[in-house]
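Below is one structure, written out as structure tokens, with a few remarks after it.
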């Protein structure tokens, strides 16, 4: 089976490593990256078996194509491979927003080529192929958003590939995906960046930086992600992100009001929040134990 991976950064490199580790010589992994140095590095890391210099050549004879580029680049890739991908090949992606990607898929692929949208709920603050990890997708929820013209057999192909990589396939609607992921992924990234902007912009930052420790580091981890990737995500999911930003702003204003009032019950609020997080953590642990 020949699998093509377009975009050899953290996600693309990790996907190649994971698939190769799981299926070995059963798979031929072909890679494509605009940057020749990145492509060569991916080969050295054994994330791919070989690379091609053009999009057209990379998808020739492929059975499955993963598009692992920043979301704004997905449109150009779909347009570039539409007439070169062989019949019977499944195309999928790994972008963090799905409605816009599904619209591009309909525009360039429908009805001749099969497409299933994808989004692994996994990542790191580091980016680039040098950060690739064969265990990145292990036990992670991997969202799949089929199109209305996708033959069910291709959904099974997508699910199989996700499981080979170590992930847990989770089917849902693209609109539902974007709304929910905006709250649990995109909002935290914005909040992380906002904390850095507020503190590092202070005149007292040189001294504060010496005091900042694990709490600051953990809270601001997502601010170390790729600005290009995050910028693309936010701009292609603007409506849902704005909804959650507004909701967060209201909650923060409520916290502020309780803090400013001597009779406020900020401690009670924080206790309820802590309980909600503990319940989520316990659920995460139970999911791991059930594997």
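The values are calculated or read from the model by the stated rules, or taken from the named source; none is laboratory data. Since we're looking at a predicted model, the values are computed, not measured. All Cβ positions, even for glycine, are placed from backbone atoms using ideal geometry, and neighbour counts span all protein chains on display.
Brief remarks follow.
- Scoring residue 47 on the criteria (1) within 13 Å of residue 7 (Cα to Cα); (2) at pLDDT 95 or above leaves a single failure, condition (2).
- Scanning segment 131-143 for residues that are surrounded by 22 or more Cβ atoms within 10 Å (Cβ to Cβ), farther than 21 Å from residue 102 by Cβ and either at pLDDT 90 or above or out of contact with any helix residue (DSSP H, G or I) (no Cβ under 7 Å at 6 or more places or on another chain) (or both) gives 136, 137.
- Residue check for residue 163: in a helix (DSSP H, G or I) and in contact with a strand residue (DSSP E or B) (Cβ under 7 Å, 6 or more places away or on another chain): yes
- Selected residue (criterion: nearest to the chain's Cα centre (by Cα)) from residues of segment 251-286 that are surrounded by 10 or more Cβ atoms within 10 Å (Cβ to Cβ) and assigned to a loop (DSSP other than H, G, I, E, B): 265
- Test: residue in segment 179-188 that is within 16 Å of the chain's Cα centre (by Cα) and over 24 Å from residue 100 (Cβ atoms): no
- Annotation note: of 152, 146, 87, the sole residue that is more than 23 Å from residue 10 (Cβ to Cβ), surrounded by fewer than 24 Cβ atoms within 10 Å (Cβ to Cβ), in the same structural domain as residue 66 (by TED's automatic domain parsing) and touching a helix residue (DSSP H, G or I) at 6+ places or on another chain (Cβ under 9 Å) is 146.
- Any pair with Cβ under 7 angstrom, 6 or more apart, that starts in segment 161-179 at a residue that is more than 22 Å from residue 136 (Cα to Cα) and ends at one that is surrounded by 15 or more Cβ atoms within 10 Å (Cβ to Cβ): 173/145; 174/98; 174/99; 174/102; 174/117; 174/145; 175/99; 179/240
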